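Trainee: Starting off with a structure, shown below.
The values are calculated or read from the model by the stated rules, or taken from the named source; none is laboratory data. Just so you know, these numbers come straight off a predicted model, no measurement behind them. Glycine gets a Cβ as well: all are built from the backbone with ideal geometry, and neighbour counts include every protein chain shown.
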Amino acid sequence: MNATLSALHVAGKFIVLDGIDGCGKSTQLHMLQTILEQLGAAILCVREPGGTAIGEHIRELLLSSKGEGLNMRAEMLLYMASRAQLVGEKIRPALAAGHTVLSDRYVSSTLAYQGSAGGLPIDNIMHVAQAAIDGTWPDLTIILDLPLEKAMTRLQSPGKSAKKKQPPQPGLFQDRIEQRQQNYHELVRQGFLQQAKNYPDHYKVVSAIGTPDAVFQRVQAAVCEYFTAA
Ligand code: TMP
C-alpha cells in the first residue's frame with residue numbers, strides 16, 4: 001500500500017467493490033481488507049445480498065429456484081430490503097464507530113442489474129434506495145471491469161464450481177441471476193460503466209484483467225488516490 005495512506009484516511013469511510021459476476025471482486029475485497037488491517041484500520045466486511053441473518057434468507061430467495069416467478073420490481077425491492085437491514089444493523093453502526101466498511105456490492109448492483117439490464121427506471125431505483133439506505137452512500141465505489149467472455153471463463157474454472165455447486169455449463173452463468181442471457185450481463189457491464197461516468201467523484205473503474213495480484217495493484221492505487229487526494 002502506498003506509504004502515504006494511513007488507517008486515518010479510511011476511518012469511518014465506506015468503500016464498495018462491484019462489477020459483473022466473475023470479475024473477482026470478492027477476492028479483491030479480501031485482499032483490501034487484509035492490507036487495510038495491516039495499516040491498523042478496523043474493518044467491517046459485508047456482502048450483498050445478505051450480510052445479516054434476515055438478509056441471508058432474502059439472498060436464498062433471490063438466488064435460488066425459490067425466487068422463480070419474481071418480477072423485476074419485486075426482485076429490486078427484495079435486494080433493497082436486504083440492504084436496508086444491512087445498513088441499519090451493521091453498516092451505519094460501524095461507520096459511526098469510526099470503522100472502515102468494505103462491501104461486496106451495493107446500490108450500484110441494483111442500478112446495473114435491475115435498472116440498466118432489467119429495464120426498471122433508474123430514478124425509481126434511486127427513490128427506493130433513498131428510503132432503504134437513508135443517506136448511507138459509499139464514499140468510493142470501485143467497479144472492476146472485465147469483458148464478459150473473460151468473466152465467464154473465470155466462473156467456469158474448477159476453483160469456482162464448489163461455490164456454484166453445479167457443474168459448469170459452457171456459455172451459462174450458474175445462479176438464478178447469473179443464468180440470465182449473455183446480453184443481460186453485457187447490459188449490466190455497460191450499466192456499471194455508465195454510473196462511473198455519471199458520478200466520477202465517487203466511482204473509479206479498475207480493469208479486472210490479469211492475475212489477482214496485478215488487479216490488486218490497481219485497486220490499491222485507486223484507494224490511495226481517492227483517499228489521499230487533497
Ligand atoms: P454475488 O454472486 O456477487 O454474491 O451476487 C449475487 C447475485 O445477485 C449476482 O448475480 C448479482 C445479483 N445482484 C443483483 O441482481 N442486484 C443487486 O442489487 C445485488 C446486490 C446483486
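Trainee: When you check Leu120 against the structure, is it touching a Cys at 6+ places or on another chain (Cβ under 6 Å), buried (at least 19 other Cβ atoms within 10 Å of the Cβ) and at pLDDT 85 or above, yes or no? Working first, answer last.
Mentor: Details: touching a Cys at 6+ places or on another chain (Cβ under 6 Å): no; buried (at least 19 other Cβ atoms within 10 Å of the Cβ): yes; at pLDDT 85 or above: yes.
So Leu120 fails the test.
Trainee: Go through region 31-59 and count every residue that is at negative phi and either in contact with a His (Cβ under 9 Å, 6 or more places away or on another chain) or away from the ligand (no atom under 13 Å from the Cβ) (or both). Lay out the reasoning, then the answer.
Mentor: First, the residues of region 31-59 that are at negative phi: 31-39, 41-49, 52-59.
Those still in the list that are either in contact with a His (Cβ under 9 Å, 6 or more places away or on another chain) or away from the ligand (no atom under 13 Å from the Cβ) (or both) too: 31-39, 41-45, 52-54, 57.
Counting residues in region 31-59 that are at negative phi and either in contact with a His (Cβ under 9 Å, 6 or more places away or on another chain) or away from the ligand (no atom under 13 Å from the Cβ) (or both) gives 18.
Trainee: Counting only residues that are touching a Lys or Arg at 6+ places or on another chain (Cβ under 6 Å) and near the ligand (Cβ under 9 Å from one of its atoms), how many does region 73-121 have? Step through it out loud before you land on a result.
Mentor: So in region 73-121, the residues touching a Lys or Arg at 6+ places or on another chain (Cβ under 6 Å) come out as 100, 104.
If we keep only those that are near the ligand (Cβ under 9 Å from one of its atoms) as well, we get 104.
Residues that pass the stated criteria total 1.
Residues are listed down the side, and each one gets a yes or a no for (1) among the hydrophobic types (A, V, I, L, M, F, W, C); (2) modelled with pLDDT of 95 or more; (3) surrounded by fewer than 19 Cβ atoms within 10 Å (Cβ to Cβ); (4) closer than 21 Å to Leu5 by Cα:
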residue: Leu29; (1), (2), (3), (4): yes, yes, no, yes
residue: Gln33; (1), (2), (3), (4): no, yes, yes, yes
residue: Ser64; (1), (2), (3), (4): no, no, yes, no
residue: Gly67; (1), (2), (3), (4): no, no, yes, no
residue: Arg83; (1), (2), (3), (4): no, yes, no, no
residue: Ala97; (1), (2), (3), (4): yes, yes, yes, yes
